[in-house]
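Rule-based calculations on the coordinates, nothing more; no lab input. All values derive from a computational prediction rather than experimental measurement. FYI the Cβ positions are ideal-geometry reconstructions off the backbone, even for glycines, and counts take in every protein chain you see.
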């Protein structure tokens with residue numbers, strides 16, 4: 001993100017929000033569109049438009065669930081890469097030890 005915060009405007013669920021952010025307008029629009037999409041999904045489940053706080057809370061729970069799932073997936077990937085790296089390192093170390101012991 002850039003260091004100079006700007007005042008930007010986004011629209012979520014028909015309401016304009018003015019936000020001070022270092023992110024660009026394009027990025028902030030993408031974020032707002034995603035939040036809007038999630039709120040529309042919650043609203044489509046049958047919650048009345050007048051309950052915007054409830055819609056926002058349920059949408060935030062859904063978004064947080066997605067975030068946690070991605071974080072877990074990322075950690076699983078990192079764990080696999082680390083395990084393979086250890087195995088490769090061990091293999092290389094063993095080969096070096098074999099070569100060195102043959103040369104003695």
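In summary, residue 99 fulfils each of the numbered conditions (1) surrounded by 12 or more Cβ atoms within 10 Å (Cβ to Cβ); (2) assigned to a helix (DSSP H, G or I) with the single exception of condition (1).
Does region 13-21 contain at least one residue that is in a loop (DSSP other than H, G, I, E, B) and loosely packed, with under 12 Cβ neighbours inside 10 Å?
First, pick out the residues of region 13-21 that are in a loop (DSSP other than H, G, I, E, B): 13-14.
From what's left, loosely packed, with under 12 Cβ neighbours inside 10 Å: 14.
Among the residues of region 13-21, at least one is in a loop (DSSP other than H, G, I, E, B) and loosely packed, with under 12 Cβ neighbours inside 10 Å, which makes the answer yes.
Across region 35-55, which residue is nearest to residue 6 (Cα to Cα) among those that are free of Cβ contacts under 8 Å to residues at least 24 places away in the same chain and assigned to a helix (DSSP H, G or I)? Filtering region 35-55 for residues that are free of Cβ contacts under 8 Å to residues at least 24 places away in the same chain and assigned to a helix (DSSP H, G or I), the one nearest to residue 6 (Cα to Cα) comes out as 37.
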